[in-house]
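A quick write-up on the structure given underneath.
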Amino acid sequence: MKCENCTKKECSKKQKNDDTQSTSVDALSSNDGFEEKNEFHTLANAKILLSDCLACDNCMTSEEGARVFQQNQKELFRILNLNKKCDTSKHKVLAVSICPQSLPYFAAKFNLSVNDAAKRLCGFLKSLGVHYVFDTTIAADFSILESQREFVQRYQRRNQEEHALPMFASACPGWIRYAERVLTNLVTSHICTAKSPQQIMGSLVKGYFARQQNLSPDKIFHVIVAPCYDKKLEALREDFYTALYNSQEVDCVLTSGEIVQIMEQKNVSMKDVTEVAVDSLFDEIKEGDVVRHDGKRSDGYLEHIFKHAAKELFGMDVKEITYKALKNKDFQEVTLEKDGETVLRFAAAYGFRNIQNMVLKLKKGKFLYHFVEVLACPGGCLNGKGQAQTEDGKPDKALLNQMEEVYAAIPVRLPETNMHIQKMYQDWLEGMDSKKVQETLHTKYSAVNQTASSLDIKW
Ligand code: SF4
């Protein structure tokens, strides 16, 4: 990963994209899923540093490149070793938060139930010297609830405010990076301002949890275990840095695959690890069984926002969502009819080709959707490039199929039913409409000037 080596060069991905759009975008949309990104990156003909990022390495500044490079297993061991030294002033409380889309990988790879996988992963991390292991599902609860409310507000403002709709989901950093650096003003004002589950987890650990433990945020080293590399870049965003404490919300992101590498280096098998219950952010309570959100291949933004909007805006209770596949299984549509009129039209667009088609429709003014759940990876987050890859860097389809089964079998918990969330809104966030909610759970997205921020790249 030597971004410093990138000097002036045309972005070959952008050239390809332009070529594609000027010929036939629809011709691109016959993909059947998992191979797409690799093909895309091969076409890019550039040195790819974050192989699963929609934006190639060309858009990383040298500083970002160096800081992303630091986010690896060595960084975790640097902190673990510091904690063994006599100088306690340099010790850190080590907290690791695990994304729910990583757990099916450990479960399927080691032939465990998802609950056993969570407990064994926790046991392994604690055997290394990690103090706390959390599940990021509670952060996704907050992210979904804030996205739901924002959608309803945008819908109500749609006739007064040009950019109120469509609203695009903001949870995928691959999509966000591409939107900010390539699509720029065309989409940035349409991106939901709710922070991603990863970054809300950062606020919970460095804000809420630190306060409970009477710790300064910089005394906690917070690691996220995630399905993709794009989240390493997300952790570096300026918005997620507190100058007062010289502290990022998330200090280091390790992919699920990087955790397995640590196990292999240490000659540890998940099957031999002692099970330890996952910690909760709340006192001495431990987490119970693993739960997920609606949406069998994602964090469920589309389904939760759709049901919430149907109820809030039209007084309709939607129990089951019926998807209509459009070009392929990664481009699907959901509609709500009332009195013979389509009042809500949502889409899920996963993978670069479907995103390209969606953007083309937006450019042509033929955009019918009120909300789109955009994910960079075909198939969604389980197919993140930080897990379930064969040795030659292709998706391990057999493993992915197992992971999808594991994930779909996890029970669903609605964010609205999480009692801790309601209490935190009142006690910690000072009410649902407070300034603190905006500061803690939201961020902003804007066009990034490539020439100002990167290494003289022409898009
Ligand atoms: S779809 Fe999920 S795994 Fe893929 S880049 Fe986005 S956040 Fe990462």
Conditions (1) in a helix (DSSP H, G or I); (2) under 30 Å from Glu75 (Cα atoms); (3) under 19 Å from the mean Cα position of the chain (by Cα); (4) not hydrophobic (A, V, I, L, M, F, W, C); number of the one not met by Glu150 | (2)
Hey, Ala117 among the aliphatic types (A, V, I, L, M) and within 22 Å of Lys232 (Cα to Cα) or not | no
Looking across segment 314-338 at residues that are part of a loop (DSSP other than H, G, I, E, B) and modelled with pLDDT of 95 or more, the single one that is nearest to Gln153 (Cα to Cα) is Gly315
In segment 235-271, what residues are away from the ligand (no atom under 11 Å from the Cβ), of a type in the set (A, V, I, L, M, F, W, C) and in contact (Cβ under 8 Å) with a residue 40 or more places away in the chain?
-> Ala235, Leu236, Phe240, Val250, Cys252, Leu254, Ile259, Val260, Ile262, Met263, Val268, Met270
Of all residues in segment 183-198 being within 15 Å of the ligand (Cβ to nearest atom) and in a helix (DSSP H, G or I), which is surrounded by the fewest Cβ atoms within 10 Å (Cβ to Cβ)?
-> Gln198
Those residues of segment 379-394 which are polar (S, T, N, Q) and in contact with a Phe, Trp or Tyr (Cβ under 8 Å, 6 or more places away or on another chain), in sequence order | Asn383, Gln387
What number goes with the only condition from (1) more than 16 Å from the ligand (Cβ to nearest atom); (2) buried (at least 18 other Cβ atoms within 10 Å of the Cβ); (3) of a type outside the set (D, E, K, R) that Thr390 does not pass?
-> (2)
Taking the residues in segment 202-234 that are within 12 Å of the ligand (Cβ to nearest atom) and under 10 Å from Val250 (Cβ atoms) as candidates, determine which candidate is surrounded by the fewest Cβ atoms within 10 Å (Cβ to Cβ).
-> Glu234
Has segment 396-414 got at least one residue that is within 12 Å of the ligand (Cβ to nearest atom) and closer than 27 Å to Ile191 by Cβ?
-> no
Would you mind telling me which numbered condition in (1) assigned to a loop (DSSP other than H, G, I, E, B); (2) modelled with pLDDT of 95 or more; (3) aliphatic (A, V, I, L, M) Val290 fails?
-> (2)
For Ile220, the lone unmet condition from (1) under 30 Å from Gly351 (Cα atoms); (2) touching a Phe, Trp or Tyr at 6+ places or on another chain (Cβ under 8 Å) is (1)
Report yes if some residue within segment 68-75 is modelled with pLDDT under 75, of a type in the set (Val, Ile, Thr) and surrounded by 16 or more Cβ atoms within 10 Å (Cβ to Cβ); otherwise report no.
-> no
Return only the number of the condition from (1) part of a helix (DSSP H, G or I); (2) surrounded by 15 or more Cβ atoms within 10 Å (Cβ to Cβ); (3) out of contact with any Gly (no Cβ under 8 Å at 6 or more places or on another chain); (4) in contact (Cβ under 8 Å) with a residue 60 or more places away in the chain that Lys307 does not satisfy.
-> (4)
Within segment 313-342, can you find the residues that are surrounded by 16 or more Cβ atoms within 10 Å (Cβ to Cβ) and touching a helix residue (DSSP H, G or I) at 6+ places or on another chain (Cβ under 7 Å)?
-> Leu313, Val318, Ile321, Lys327, Asn328, Asp330, Phe331, Val334, Leu336
Of the conditions (1) over 24 Å from Cys172 (Cα atoms); (2) at pLDDT below 90, Gln422 clears all except one; give me its number.
-> (2)
Tell me which residues, restricted to segment 395-425, are of a type in the set (Lys, Arg) and surrounded by 13 or more Cβ atoms within 10 Å (Cβ to Cβ).
-> Lys397, Arg413
Kindly indicate whether Ala95 is at pLDDT 95 or above, not assigned by the TED database to the domain that holds Gln387 and not in a helix (DSSP H, G or I).
-> yes
Find the residue count for segment 344-401, including only residues that are touching a residue at least 24 places away in the same chain (Cβ under 8 Å) and in a loop (DSSP other than H, G, I, E, B).
-> 16
Go through the residues of segment 282-295 one by one and say whether even a single one is in contact with a helix residue (DSSP H, G or I) (Cβ under 9 Å, 6 or more places away or on another chain), closer than 24 Å to Gln71 by Cβ and not assigned by the TED database to the domain that holds Ile176.
-> no
If you check Ala210, Ala169, Ala194, Ala140, which single one turns out to be without any contact (Cβ under 8 Å) to a residue 40 or more places away in the chain, closer than 25 Å to Leu236 by Cα and aliphatic (A, V, I, L, M)?
-> Ala210
Restricting to segment 401-420, what's the tally of residues that are more than 21 Å from Leu281 (Cβ to Cβ) and in contact with a Phe, Trp or Tyr (Cβ under 7 Å, 6 or more places away or on another chain)?
-> 1
Do we find a residue being within 21 Å of Asp141 (Cβ to Cβ) and not aliphatic (A, V, I, L, M) anywhere in segment 176-186?
-> no
Taking the stated definitions as given, is Glu180 assigned to a helix (DSSP H, G or I) and within 15 Å of the ligand (Cβ to nearest atom)?
-> yes
Residue that is nearest to Asn401 (Cα to Cα) [pool: residues in segment 275-329 that are of a type in the set (A, V, I, L, M, F, W, C) and touching a Lys or Arg at 6+ places or on another chain (Cβ under 8 Å)] = Val291
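The values are calculated or read from the model by the stated rules, or taken from the named source; none is laboratory data. On a predicted model such as this, the values are computed, not experimentally measured, just so you know. Please note: Cβ atoms are built from the backbone with ideal geometry, for glycine as well, and neighbour counts cover all protein chains shown.
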